[in-house]
Amino acid sequence: MTTNHLAPIHVAILGIGTVGSGVFNVLLRNQEEILRRAGRAIVVTCVADLDVARAKTLVGENVRVVNDARAVISDPEIDIVVELIGGYTLAKDLVLGAIEAGKHVVTANKALLAVHGTEIFAAAHRKGVMVAFEAAVAGGIPIIKALREGLTANRIQWIAGIINGTTNFILSEMRDKGLPFEVVLKEAQRLGYAEADPTFDIEGVDAAHKATLMSAIAFGIPVQFDKAYVEGITRLEAQDIRYAEQLGYRIKLLGITKRAATGIELRVHPSLVPAKRLIANVEGAMNAVVVQGDAVGTTLYYGKGAGSEPTASAVIADLVDITRLHTADPLHRVPHLAFQPDAMSNLPVLPMSEVSTSYYLRLRVADETGVLARVTGILAEAGISIDAVLQREADEVGGEGSMQTDLIILTHDCVEAKMNAALAQMQALSSVLAPITRIRKEELA
Ligand code: HSE
């Protein structure tokens with residue numbers, strides 16, 4: 001092999017948990033093929049982890065193990081620092097410290113980049129190093145590379161993704177078994193799909209971090225997590241999943257970013273998706289991302305969004321990319337956010353009130369004459385067009401002799417502000433007996 005004479009690239013892994021051990025094992029198992037692809041061997045020289053004894057059992061005697069990551073990031077022997085600690089504080093110090101020391105960085109830390117990406121990428125640009133983050137979005141799916149390189153010819157129109165496996169598992173189980181959210185969440189925790197503190201996943205924060213990164217890369221805007229609209233799945237009820245199904249839809253937690261007339265939509269919320277779309281059939285903990293580009297049309301990327309070796313696959317792809325740079329012209333690298341830093345756009349991320357989408361509404365109403373007319377009258381007056389109406393038999397909803405029923409309405413697109421005003425009027429009707437359920441709907445056509 002002609003590449004054997006080149007010195008190996010030395011890597012330090014900070015935090016050797018599930019993903020870190022996957023990186024170590026796959027690098028070892030596939031070392032020969034990786035060498036042939038990268039042009040140089042990629043070797044883990046050092047691991048920093050608080051649990052030194054456990055780390056040693058994972059990596060063996062030939063790898064230096066330390067408990068202080070700060071000691072590693074400026075080590076002259078290290079070429080690339082892999083940050084797998086997570087969180088904002090220590091991880092940020094270490095990433096900025098490594099950049100300052102002239103190291104390339106690979107990270108799976110979506111929270112860090114979605115919140116502090118602007119500062120981190122600027123520092124990396126100044127120092128002429130890469131911060132690579134394929135593993136930060138949709139785990140093993142190479143969506144960053146697809147957006148940044150494979151689709152670079154396109155004007156991206158929108159991206160919609162199932163980018164959180166935990167919530168997709170919960171929604172799949174709720175639909176399959178007709179169980180309520182709390183019951184399925186407990187089951188997901190028992191099976192290890194959901195963490196002991198599942199807040200970031202179930203409240204949509206993790207998906208919003210990932211959507212923020214995709215939005216920046218797709219539209220050439222800075223990372224702006226603080227502008228994202230974030231709504232999780234905690235308030236979803238099994239009956240809405242059932243009604244949606246009767247109308248030909250599935251409910252998915254989507255991360256959406258879209259080019260609109262006046263700015264960029266960036267939002268995470270439960271969405272009705274037509275059951276016939278491929279993405280509506282992505283079940284369990286799997287991830288999928290749909291990208292609509294003007295030239296290519298619709299493309300779909302599907303795979304495992306988490307787990308030891310799927311995420312390691314993405315981390316190692318970044319290690320190979322950086323290794324290849326060592327023989328290439330550093331001025332002709334792919335920019336961190338796909339667009340040249342001096343060519344970023346100042347298109348605003350739109351407030352949710354200006355976002356346009358269609359809606360599923362469920363109203364618990366008194367089963368009396370004229371209710372439907374009053375509700376649809378409010379929508380008509382607001383200029384909101386109705387797509388479908390489903391009225392349940394009162395007996396089916398509240399048992400025999402019930403005087404209450406459910407009214408389910410699908411609308412066509414309208415701006416959120418208009419819908420909010422109409423919802424307030426409907427809610428004030430004396431025949432509307434409970435808070436109205438509103439779920440957004442994406443045709444993804
Ligand atoms: N907790 C995430 C998920 C995986 O459930 O998809 C890491 O981003």
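Data overview
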| item | result |
| --- | --- |
| Gain on full stretching of the segment that runs from Ser308 to Ala417 - 0.36 nm per residue minus C-alpha separation | 35.0 nm |
| Rounded if a/c under 1.5, otherwise prolate or oblate - the chain, Cα gyration tensor axes | prolate |
| Cα-centred dipole magnitude for the range 356-441, charges only on beta-carbon of K, R (+1) and D, E (-1), debye, nearest 20 | 400 |
| Sulfur and carbon atoms: percent of accessible area, the range 143-305 [1.4 Å] | 50 |
| GNM result for the chain, Cα springs below 10 Å: residue of Asp75, Asp413, Asp197 fluctuating most strongly | Asp197 |
| The chain: calculated mean residue ellipticity at 222 nm from DSSP helix runs of at least 4, using -39500 (n - 2.57) | -10500 deg cm²/dmol |
| Charge-dipole axis of the chain as Lys and Arg at +1 and Asp and Glu at -1 on Cβ define it, positive-most pick from Met426, Asn25, Ala280 | Asn25 |
| Carbon plus sulfur fraction of accessible area for the range 1-91, probe 1.4 Å, in percent | 52 |
| Rounded, prolate or oblate (a/c below 1.5 giving rounded, otherwise prolate when a/b exceeds b/c) for the range 161-260 by Cα gyration tensor | oblate |
| The chain - share of DSSP beta bridges that are antiparallel (%, nearest 5) | 65 |
| Vicinal HN-Hα couplings computed from phi for the range 12-18 (Karplus, 6.51 cos²θ - 1.76 cosθ + 1.60; Hz; Gly/Pro x) | 10, 9, 9, x, 10, x, 4 |
| Computed E for Ser402/Lys276 - FRET, C-beta separation, R0 35 angstrom, nearest 0.05 | 0.55 |
| Size of electric dipole in the range 143-305: Cβ of Lys, Arg +1 and of Asp, Glu -1, about Cα centre, debye, nearest 20 | 560 |
| Label-reachable residues, the range 281-317, where backbone N falls under 15 Å from a point 7 Å from Thr152's Cα toward its Cβ | none |
| In the range 103-182, the trypsin sites (Lys or Arg not before Pro) that fall in loop regions by DSSP, at most 12 other Cβ within 10 Å | Arg155 |
| Placed amide H near Val106: partners under 5 Å, 5+ positions off or other chain | Val81, Val82, Glu83, Ala132 |
| Unit charges at the beta carbon, dipole of the chain: most positive-side option, Ala211, Val184, Leu407 | Ala211 |
| Accessible solvent surface per residue of the chain, calculated while the other protein chains remain in place, 1.4 angstrom probe, Å² | 43 |
| Top positive-direction residue, dipole computed over the chain with Cβ charges, set Gly370, Ser313, Ala124 | Ala124 |
| Crossing angle, helix 110-127 versus the chain [Cα axis fit, 0-90 degrees, rounded to tens] | 40 |
| Chain lengthening between Glu32 and Ser385 when straightened (0.36 nm per residue, less Cα-Cα) | 121.0 nm |
| Sulfur and carbon atoms: percent of accessible area, the range 403-442 [1.4 Å] | 59 |
| Virtual spin-label span in nm between Ala7 and Arg235, 7 Å along Cα→Cβ | 5.8 |
| Cα-centre dipole for the chain with unit charges at Cβ (Lys and Arg positive, Asp and Glu negative), debye to 20 | 860 |
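The values are calculated or read from the model by the stated rules, or taken from the named source; none is laboratory data. A quick note: this is a predicted structure, and the numbers were derived from the prediction, not measured. All Cβ positions, even for glycine, are placed from backbone atoms using ideal geometry, and neighbour counts span all protein chains on display. Side chains are part of the model used for accessible areas, which takes the heavy atoms of the whole protein and leaves out ligands, DNA and RNA. Shrake-Rupley method; radii C 1.70, N 1.55, O 1.52, S 1.80 Å.
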